[in-house]
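Below is one structure. I have some questions about it.
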Amino acid sequence: MKRFALLTSGGDCQSLNATMRGVAKSLYEEYGKDVEIYGILEGYKGLIYGNYKLMKPKEFSGILTEGGTIIGTSRQPFKLMRTLDENGLDKVKAMKDTYKKLKLDCLVILGGNGTHKTANLLSQEGLNVVTLPKTIDNDIYGTDMTFGFQSAVNIATDAIDCIHTTAASHGRVFIVEVMGHKVGWLTLHAGIAGGADIILIPEIPYDINSVVDAINKRTNAGKRFSILAVAEGAISKEDAKLSKKELKAKQEKSPFPSVSYKIGKEIEEKTGQEIRVTIPGHTQRGGSPCAYDRVISSRLGAAAAELIKKKQYGYMVGIRNNEIIPVPLADVAGKLKMVSPESSMIKEAKGLGICFGD
């Protein structure tokens, strides 16, 4: 009997279920009745405290189009994994004990950057681990694409599309705040797809005067409105010069709930125009996965099962040039895939007249 377990960790997204389905269907296809698949409930928390259940084949039916995760998820900071819990429990030892108790042949982990740090730690501790790249931010190193990203792009784009009509009707400046604390892939793609006039992302610190100049240029050209796609982690050139400690202290004292309100206030003071802020928030993580994500989730799931069949552990299943590839966990953990300010995509967007505030 072969025994495997599935674990989803970190923020949810639209294609977690679709990807688990891909893994499970492929394993059932390979091993038939000689396989048991366990669901580790609520992420690494379930692995630490032994919260799991034996999954039935029928539980993986009908979930291709279902968002979220049927086994739950939670955030367990990697930096605290070596810290004992409030009852003195060694978390790493506890995770290894659960793995051994279930007599697993492999643990399949679906998650983002923090998740991959812990997955790499478990691999180094001797567990058989295969991972899959989940995040709406598309910031995992070693893969061109993550599942969940395109679905989130579609939702953020829809939000910008909807803002266009009301912005045009009232002649206002609208700011749509898109998810992304550290990287701007989601804002960049949604901004271009939604026809935003200004896109502000963490990788390109902005000058508010450049932003105002772009708005004034549109106004002088007879344009009645402007739309900004702003990443929640967008940062001004002044703040980018601060240390992490200084920036955190400044943000804690800020009277604004987010960077978009700060930018909106500054634009209003400098232009006199009406400003409105829209934050789609967690809607970007929700709903049914788009067709693209369903396809790559199915492919990635099947590829993960193939790695398991070959006993090729310690790898993340990635996509490069539309081909599925195994990427060593050690090459993934602790690295972010950032938007390069010099990338062709940024240059092409600027060629369209989009302002990045630099």
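The values are calculated or read from the model by the stated rules, or taken from the named source; none is laboratory data. Here the structure is a predicted model, which is why all the values come from computation and not from measurement. For neighbour counting, all protein chains shown are included, and Cβ atoms are generated from backbone atoms with ideal geometry for every residue, glycine included. Just so you know, the surface numbers come from the protein's heavy atoms only, side chains and all, with ligands and any DNA or RNA stripped out. Shrake-Rupley method; radii C 1.70, N 1.55, O 1.52, S 1.80 Å.
For segment 272-291, which residues satisfy the criterion of being under 28 Å from M316 (Cβ atoms), in contact with a strand residue (DSSP E or B) (Cβ under 9 Å, 6 or more places away or on another chain) and either open to solvent by 40 Å² or more (accessible area, probe 1.4 Å) or assigned to a helix (DSSP H, G or I) (or both)?
Correct list: Q284 only.
Spot the failing condition for L104; the list is (1) in a loop (DSSP other than H, G, I, E, B); (2) free of Cβ contacts under 8 Å to residues at least 60 places away in the same chain; (3) of a type outside the set (F, W, Y), and only one is missed.
If we test L104 against (1) in a loop (DSSP other than H, G, I, E, B); (2) free of Cβ contacts under 8 Å to residues at least 60 places away in the same chain; (3) of a type outside the set (F, W, Y), just (2) comes out false.
Shifting gears a bit: Going through R276, R224, R285 one at a time, which residue ends up being of a type outside the set (G, A, S), at pLDDT below 95 and in contact with a Cys (Cβ under 9 Å, 6 or more places away or on another chain)? Before you say what the answer is, go through the steps one by one.
Details: R276 fails: in contact with a Cys (Cβ under 9 Å, 6 or more places away or on another chain); R224 fails: in contact with a Cys (Cβ under 9 Å, 6 or more places away or on another chain).
Among R276, R224, R285, only R285 is of a type outside the set (G, A, S), at pLDDT below 95 and in contact with a Cys (Cβ under 9 Å, 6 or more places away or on another chain).
Something else about it: Is there a residue in segment 284-291 that is hydrophobic (A, V, I, L, M, F, W, C) and farther than 22 Å from S226 by Cβ? Don't jump to the end; show me each part of the working.
Let us first name the residues in segment 284-291 that are hydrophobic (A, V, I, L, M, F, W, C), namely 290-291.
Applying the additional criterion that residues be farther than 22 Å from S226 by Cβ yields 290-291.
Taking every residue of segment 284-291 in turn, at least one turns out to be hydrophobic (A, V, I, L, M, F, W, C) and farther than 22 Å from S226 by Cβ.
On to the next question. Give the number of residues within segment 36-61 that are touching a Ser or Thr at 6+ places or on another chain (Cβ under 9 Å), of a type in the set (S, T, Y) and surrounded by fewer than 18 Cβ atoms within 10 Å (Cβ to Cβ).
1
Taking N87 as the residue in question, decide whether it is at pLDDT 95 or above and not basic (K, R). Break it down stepwise before answering.
On the way: at pLDDT 95 or above: no; not basic (K, R): yes.
Spelling it out, it is not the case that N87 is at pLDDT 95 or above and not basic (K, R).
Criterion first (open to solvent by 10 Å² or more (accessible area, probe 1.4 Å), more than 16 Å from M20 (Cα to Cα) and assigned to a loop (DSSP other than H, G, I, E, B)) does L64 satisfy it? Break it down stepwise before answering.
Details: open to solvent by 10 Å² or more (accessible area, probe 1.4 Å): yes; more than 16 Å from M20 (Cα to Cα): no; assigned to a loop (DSSP other than H, G, I, E, B): yes.
When the stated conditions are applied, L64 does not pass them.
Now a separate question. Check L336, L307 and return the single one that is touching a residue at least 60 places away in the same chain (Cβ under 8 Å), aliphatic (A, V, I, L, M) and farther than 30 Å from V259 by Cβ. Talk me through it step by step, then tell me what you get.
Values: L336 fails: farther than 30 Å from V259 by Cβ.
None of the other options fit; the residue is L307.
I'm checking my understanding of the structure. Among residues of segment 344-358 that are surrounded by 13 or more Cβ atoms within 10 Å (Cβ to Cβ) and not aliphatic (A, V, I, L, M), which one is farthest from P205 (Cα to Cα)?
Within segment 344-358, the first condition is being surrounded by 13 or more Cβ atoms within 10 Å (Cβ to Cβ), and the residues that meet it are 345-346, 349-350, 354-358.
Still in the running and not aliphatic (A, V, I, L, M): 350, 355-358.
On the way: K350: 15, C355: 12, F356: 9, G357: 7, D358: 7 Å.
Out of the qualifying residues, it is K350.
Right, here's the next one. In segment 24-35, which residues are open to solvent by less than 40 Å² (accessible area, probe 1.4 Å) and either among the hydroxyl-bearing types (S, T, Y) or assigned to a strand (DSSP E or B) (or both)? Let's see the steps before the verdict.
To start, the set of residues in segment 24-35 that are open to solvent by less than 40 Å² (accessible area, probe 1.4 Å) comprises 24, 26-27, 32, 35.
Correct list: S26, V35.
Here's another thing I want to ask about it. Condition check: assigned to a helix (DSSP H, G or I), of a type in the set (A, V, I, L, M, F, W, C) and either open to solvent by 80 Å² or more (accessible area, probe 1.4 Å) or more than 21 Å from K182 (Cα to Cα) (or both). Does I296 satisfy that?
Details: assigned to a helix (DSSP H, G or I): yes; of a type in the set (A, V, I, L, M, F, W, C): yes; either open to solvent by 80 Å² or more (accessible area, probe 1.4 Å) or more than 21 Å from K182 (Cα to Cα) (or both): yes.
So I296 passes the test.
Further question: Can you tell me which residue within segment 252-268, out of those that are open to solvent by less than 60 Å² (accessible area, probe 1.4 Å) and under 23 Å from the mean Cα position of the chain (by Cα), is farthest from C355 (Cα to Cα)?
The selected residue is S258.
Going by what's in this entry, would A249 be described as over 19 Å from the mean Cα position of the chain (by Cα) and surrounded by 15 or more Cβ atoms within 10 Å (Cβ to Cβ)? Walk me through it before giving the result.
On the way: over 19 Å from the mean Cα position of the chain (by Cα): yes; surrounded by 15 or more Cβ atoms within 10 Å (Cβ to Cβ): no.
Criteria not met by A249.
Inspect segment 85-98 for any residue being assigned to a loop (DSSP other than H, G, I, E, B), open to solvent by less than 40 Å² (accessible area, probe 1.4 Å) and over 24 Å from A302 (Cβ atoms) and give the result as yes or no. Walk me through it before giving the result.
Applying the first criterion (assigned to a loop (DSSP other than H, G, I, E, B)) to segment 85-98 yields 85-90.
Those still in the list that are open to solvent by less than 40 Å² (accessible area, probe 1.4 Å) too: 85.
Cutting the leftovers down to over 24 Å from A302 (Cβ atoms) gives us 85.
Scanning segment 85-98 turns up at least one residue that is assigned to a loop (DSSP other than H, G, I, E, B), open to solvent by less than 40 Å² (accessible area, probe 1.4 Å) and over 24 Å from A302 (Cβ atoms).
Now a separate question. Just the residues that are in contact (Cβ under 8 Å) with a residue 12 or more places away in the chain and in a helix (DSSP H, G or I), please, taken from segment 214-240.
A214, I215, N216, R218, T219, K237, D239, A240
Residues in segment 140-178 that are open to solvent by 10 Å² or more (accessible area, probe 1.4 Å), outside any helix (DSSP H, G or I), closer than 30 Å to P326 by Cα and touching a helix residue (DSSP H, G or I) at 6+ places or on another chain (Cβ under 9 Å): how many?
Here the count works out to 3.
Can you tell me which of (1) of a type outside the set (D, E, K, R); (2) over 19 Å from T146 (Cα atoms); (3) open to solvent by less than 70 Å² (accessible area, probe 1.4 Å); (4) under 17 Å from the mean Cα position of the chain (by Cα) is the one T115 doesn't meet?
(2)
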